[in-house]
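Visitor: Could you have a look at this structure, given as structure tokens, before my questions?
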Amino acid sequence: MPTIPINIVTGTLQPKEIIVGIDLGTTNSLIAFVHPDSKQPVVLKEYGEQSLVPSIIHIDSSGTTLVGDQALPYLQNDTKHTLFSIKRLMGKSYTDLKGYLSFFSYQLVETKEQTAVQVQVYDKRYTPIELSSFILKELKTRAEHILKMSVSKAVITVPAYFNDAQRQATRDAGALAGLEVLRIVNEPTAASLAYGIGLNPQDEKLLAVYDFGGGTFDITILSISNGIFEVLSTNGDTFLGGDDIDKAVVDYWMKGLGDFQSQIKKDSNLSSQLRLIAEEAKKKLSVEEQFSVHWMSHKLTLNSLELARLAEPILQKTLDCCTRALEDAKIDISSLTDILMVGGSTRMPFVKNKVASFFNRSVNDSINPDEAVALGAAIQADILAGNNKDLLLLDVTPLSLGIETMGGLMEVLIPRNSKIPIKVAKQFTTHKDGQSDMRISVFQGERDLVEDNRKLGEFLLKGIPAMPAGLPKVEITLLLNADGILQVSAQELRSGVQHQIAIKPQLGLTDTAVEDMLQAGFDSAKQDKEMRALVEAKTEAHSMITLTEQFIKKNSNLLDAVEITNTQQAIANLQEAIAKNNKQVIQQKTNQLNDISKPYAERIMNIAIKQSLEGKKI
Ligand code: ADP
Ligand code: MG
């Protein structure tokens, strides 16, 4: 007999399942869902008010963790064991973070180059994945508490510039928290959905999503057409946010504190108290004109004009990023259809005004800026739950994906900006007789030589049956799924031997590295083309030499001495040319070797053909 689930607390019919949307932020995280009755996205609020969960974790000497509001007080009195900005660590190695050590008041463990960074708290070490999972677990528990049902599936958002490693780390954190992550969605895409932009497949839009959070600033130019969300460009600063405005306020106040200054500087608890008061002042001034408070027998005051002046240089930096993003996307401000305001820091009235005048139009700020991303994630979750069947959201891959071929060349299988999910297969072959193994190395980037790109992973296709070079047909397939996670498989088609891997890189690029890699690709296009031509000429020359040497060895009894010495001389000339790296000379010497060997090669071939025909007669 079918059972009908009833929520015993509310007395209403229980929906079969709710997939939640999660904004896992650097400063704040939150969880939202589409209400089964109203069909509207709502953020979950504990006790009806607080929706933001500060992305902060406190760990005590026994390893007990506190997350969110409960951890907040420890930021002031136990800075070494209170972890913030975990998102900055996702998919990173210690080396990636070396330049920013002073930013973290907790201890990062120096690990080996190719391994993920770890955080040391007392005698325990934690990976960023584990730490993020603590935040996600807290969100999950909250949701279950409020919804009175178990929550096991989620959509989680990440910045548009997150690479495979960072996306995978986010996904893993979800799994560790007991969540099946159905989709990783770009934050600007989610914000756009929250504004209802792109929900109609007929929408043709060109958006600028201005996301100014606590510690990061992101600007994304997003084109929406035929239900496809395409990131045209991203720019920003991963160390620029509302925190910097708080710091500017602190510095401003410090000047008026005389001798007390040095005491504050020495005492990390006092300085974080002052930072929190600065943040409080900043938030107040988003709705009021004047702020004042007494602290440690000093009076601290700030008005909105002073705040705007202090924030001006920080704001200007965000606008410079916007200029660059527009240049990269090669679009004019006038062709933008909407400017979306996202992130808590866009609540400041002078930020809105500045951005509006930069883009020369009014901005969309009707949705709570710190909820927009979570609400959009909830809409995506609802679509995946099958509640909105007409919609299919697609993203694109920001960097090309390919494999290494002879001479260290990059063979692109999935070009950048391809819509994902995407699957591409291509055939390759061996270059040595009897070659039984083939190394398949996967790279990401825009340069022609793999050494200039980023290696994602590699594997060995083993057990190819012995065949002459060029005969095996190895089909390599790249499948990039909707989360931007890559599956690579290789199969030798004649024998069926196969191997496959899912690329789960342990660490990632620095946040700006994707942009840098794109830029490097553009900058070096001409040089790369020449390099590719040289490598191809060398590869051809090498195989010509190998073939000729094999041929001579096999048929020495059919060649005369002059033919052999001439050939050996031509081979030596070609080897010399290869060593000198001159493409023209290599090609010339390859042709000369070909010219010398061709007549006798043809003669011997004819003999062979004749013999085989005679053989048939018998
Ligand atoms: P993130 O996406 O980085 O996790 P949020 O979007 O939640 O961060 O933004 C957090 C930042 O927004 C903090 O620097 C906070 O001080 C700032 N903020 C929140 N509310 C206000 C407000 N009313 N006025 C000014 N700044 C605010
Ligand atoms: Mg955010």
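Visitor: Calculate the spin-label point distance for Lys553 paired with Val293, positioning each point 7 Å from the Cα along the beta-carbon direction, and give it in nanometres.
Guide: Taking the two extended label points, one gets 8.1 nm.
Visitor: Which whole-number percent of Cα pairs in segment 243-308 have a distance greater than 16 Å? All intermediate terms of the calculation are to be shown ahead of the outcome.
Guide: Details: 857 of 2145 pairs.
Tail of the P(r) past 16 Å holds 40 percent of the pairs.
Visitor: Can you give me the relative contact order of the chain as a percent, contacts being Cα pairs under 8 Å and 6 or more apart? Could you put the intermediate results ahead of the total?
Guide: On the way: 1161 pairs, mean separation 77.2, N = 618.
Result for the chain is 12 percent.
Visitor: Counting Lys +1, Arg +1, Asp -1, Glu -1, what net charge surrounds Ser597 among other residues with beta carbon under 15 Å of its beta carbon?
Guide: Working: positive: Lys553, Lys554, Lys589, Lys598, Arg603; negative: Glu540, Glu549, Asp560, Glu563, Asp595, Glu602.
Net charge in that neighbourhood comes out at -1.
Visitor: Right, next: How big is the shadow of the Cα convex hull of segment 33-82, averaged over all directions, in nm²?
Guide: Numbers: hull surface 18.4 nm².
Computing the convex hull of the Cα atoms and averaging its projections yields 4.6 nm².
Visitor: Let me ask something else. State the Kirkwood hydrodynamic radius of segment 354-497 in Å, one decimal place, computed from all pairs of distinct Cα atoms. It would help to have the intermediate numbers written out before the result.
Guide: Details: mean 1/r = 0.0544 Å⁻¹.
Computed over Cα pairs of segment 354-497, the Kirkwood hydrodynamic radius comes out at 18.4 Å.
Visitor: Okay, moving on. What is the list of residues in segment 110-142 whose amide nitrogen lies under 14 Å from a point 7 angstrom out from the Cα of Ser61, following Cα to Cβ?
Guide: 122-124
Visitor: Right, next: By how many nm would the segment from Lys526 to Thr337 grow when fully extended, if each residue of separation counts as 0.36 nm and the alpha-carbon distance is taken off?
Guide: Details: separation 189, 0.36 × 189 = 68.04 nm, distance 3.53 nm.
Difference between extended and current length: 64.5 nm.
Visitor: Which order do the peptides 102-108, 336-342, 324-330, 66-72 come out in when sorted by mean C-beta neighbours inside 10 angstrom, highest first?
Guide: On the way: 102-108: 14.6, 336-342: 22.0, 324-330: 16.9, 66-72: 19.3.
For the peptides 102-108, 336-342, 324-330, 66-72, the packing ranking is 336-342, 66-72, 324-330, 102-108.
Visitor: Turning to a different aspect of this structure: Using a Förster distance of 45 angstrom, determine the FRET efficiency expected from the C-beta separation of Ala572 and Leu101, and round it to 0.05.
Guide: Numbers: r = 55 Å, r/R0 = 1.23.
FRET efficiency, Ala572 to Leu101: 0.20.
Visitor: Helix 164-176 versus the longest principal axis of the chain: what angle, 0 to 90°, nearest 10, using Cα atoms?
Guide: Rounded to the nearest ten degrees, it is 60.
Visitor: While we're looking at this one, here's another question. Nearest 10 degrees, 0 to 90: what angle lies between the long axis of helix 372-384 and the longest principal axis of the chain (Cα atoms)?
Guide: It is inclined by approximately 60 degrees.
Visitor: Something else about it: Considering every Cα-Cα pair within the chain, what fraction, in whole percent, is farther apart than 36 Å?
Guide: Values: 93214 of 190653 pairs.
The proportion of pairs with Cα distances above 36 Å equals 49 percent.
Visitor: Counting DSSP beta bridges with both partners in the chain, what percentage is antiparallel, nearest 5?
Guide: Numbers: 84 of 101 bridges.
The antiparallel fraction comes to roughly 85 percent.
Visitor: Please report Rg over Rh for segment 526-613, where both radii come from the alpha carbon positions and Rh follows the Kirkwood definition. Walk me through the intermediate numbers first.
Guide: Details: Rg = 15.0 Å, Rh = 13.9 Å.
Rounded to two decimals, Rg over Rh is 1.08.
Visitor: So, R0 is 45 Å and r is the distance between the beta-carbons of Lys583 and Asp123; what FRET efficiency does that work out to, to 0.05? List each step's numbers first, then the result.
Guide: Details: r = 59 Å, r/R0 = 1.32.
Calculated transfer efficiency: 0.15.
The numbers here are math on the coordinates, done by the rules we state, and not lab data. As the structure is a prediction and not an experimental result, all values here were calculated from the model. Glycine also receives a Cβ, built like all others from the backbone with ideal geometry; neighbour counts cover every protein chain displayed.
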